[in-house]
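The values are calculated or read from the model by the stated rules, or taken from the named source; none is laboratory data. Treat the numbers as computed from the prediction; the structure is a model and nothing was measured. Quick reminder, even Gly has a Cβ in these numbers, built from the backbone with ideal geometry, and neighbours come from all protein chains shown.
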Amino acid sequence: MDKRTFLKHTSLIGLGSLLSFSALGKVLESAKDMAPEDLAKEADFWETIRKGYKLKPDYINLENGYYCIQPQEILEKYMEHICEVNLEGAYYMRTVQFENKKTAALKLSEIAGCPPEELIITRNTTESLDLVISGMGWETGNEAVMAEQDYGAMLDMFKQVSKRYGVVNKIVSLPADPKNDDEIVQLYANAINPNTRLLMICHMVNITGQILPVRKICDMAHDRNVPVMVDGAHAFAHIQFNISQLNCDFYASSLHKWLSVPLGAGMLHVKKKYIPKLWPLFADSSKKEDDIARLNHTGTIPVATDLTIADAIDYYQNIGAERKEARLRYLQNYWTNKVRNMPHIVLYTPSDPARSCAIANVGVKGMKPADLASTLLKQYKIYTVAIDNDKAGVHGCRITPNVYTTTAELDALVDALGQIRG
């Protein structure tokens, strides 16, 4: 199909207030022969995808990093699952609850690229990483390495471990615009010594969007006999990767972010040899020491969320991982390229397009991030989140578009940033 026919086809399919499920399949079929990088720029295609979302008209939502809302297709499946569980009640919970969760975990492990016996469904990234941090069996004098740019809740857990067990926390600071991968790898290498028990790194830094060279860091750390825990809260279903190929020992993510699962679902990958070595957050004596399910005892939870994981995976795979990543990277570079050289603007995201994807952080010189966020919302109807972190050296607003975001909305952001002064 040539480009003109493709565009005509997508524009016809996209008519109406919301995109039907069958129409989504047709528009995706129409795009199957287009290169992801070319399709990323096709406004008509993504406008059609946008019609699958019900969006609040009060503001432009550029804060998808906290929680990516579901398209109607996933949301309706979620509502069906809620009704199903409510209809069956305790019968469902006592008969098929755990088997269904195991099935969802299997499907999740397939797109994550790790063995199913090394993955569990949790409630979020924080729970997953806290399980590892608190369950390591620390001794006084052990050391852990992390970065100022890591998620605050994880740094807090390491502080607690330090107070409780006498662990020494070594904290490095990542360069905002690294020259090369070696600069990052060497930064962590310099912090490791024979007492180091764990290295924590972000796959994608939540406050700036910087993507770290995870495989190279893991290889370096393993040469020094140090396991690596990866915070992948923002990377999973955002950029393409395979957990096994990263060579990390622990990997965690939140599924309510880029996979668009309803709130309350996360995942944790634990390399097989470390499963018996971790203390679970909640005890479960019914499982063997080497069974990862031993780490997954949580009590009663909203099981309809777990059921929706499979639906969200189907939607993600229909859109296509390559297409999604290409579109998200295109959107970020679309607006950052327009403001990067403005004299009153500061960008805290790497200039190399390969080192970031959807997420970027922008500041206005002489203006507090909270004031910038307030101005963007009150005067320009653009919703963002303020990041003001002295230790990390980041003082701006995180800008996070999603696949439904239009370039017209990003033009509104660019115009606003051009006008705002500190």
Which condition number does residue 11 fail, the rest of (1) under 23 Å from residue 318 (Cα atoms); (2) part of a helix (DSSP H, G or I); (3) at pLDDT 95 or above being met? (3)
Residues of region 46-93 classified as in contact (Cβ under 8 Å) with a residue 60 or more places away in the chain, among the polar types (S, T, N, Q) and farther than 16 Å from residue 255 by Cα, total: 1
Filtered residues of region 184-231 (kept if charged (D, E, K, R), surrounded by fewer than 24 Cβ atoms within 10 Å (Cβ to Cβ) and assigned to a strand (DSSP E or B)): 197
Mind checking whether some residue in region 145-152 is part of a loop (DSSP other than H, G, I, E, B), of a type in the set (Ser, Thr, Tyr) and exposed (fewer than 15 other Cβ atoms within 10 Å of the Cβ)? no
Those residues of region 66-91 which are crowded, with 16+ Cβ neighbours inside 10 Å and in a helix (DSSP H, G or I), in sequence order: 72, 73, 74, 75, 77, 78, 81, 82, 85
When only residues in region 103-115 that are under 18 Å from residue 290 (Cα atoms) and hydrophobic (A, V, I, L, M, F, W, C) count, which is surrounded by the fewest Cβ atoms within 10 Å (Cβ to Cβ)? 106
Check residue 244 against each of (1) touching a Lys or Arg at 6+ places or on another chain (Cβ under 8 Å); (2) part of a helix (DSSP H, G or I); (3) touching a residue at least 60 places away in the same chain (Cβ under 8 Å) and name the one condition it does not meet. (1)
Among (1) touching a residue at least 12 places away in the same chain (Cβ under 8 Å); (2) within 25 Å of the chain's Cα centre (by Cα); (3) part of a loop (DSSP other than H, G, I, E, B) - the single one residue 171 does not satisfy: (3)
Would you confirm, using the coordinates I've provided, whether residue 118 is assigned by TED's automatic domain parsing to the domain that holds residue 265, within 23 Å of the chain's Cα centre (by Cα), acidic (Asp, Glu) and surrounded by 16 or more Cβ atoms within 10 Å (Cβ to Cβ)? yes
Within region 263-315, how many residues are exposed (fewer than 15 other Cβ atoms within 10 Å of the Cβ), under 24 Å from the mean Cα position of the chain (by Cα) and of a type in the set (D, E, K, R)? 2
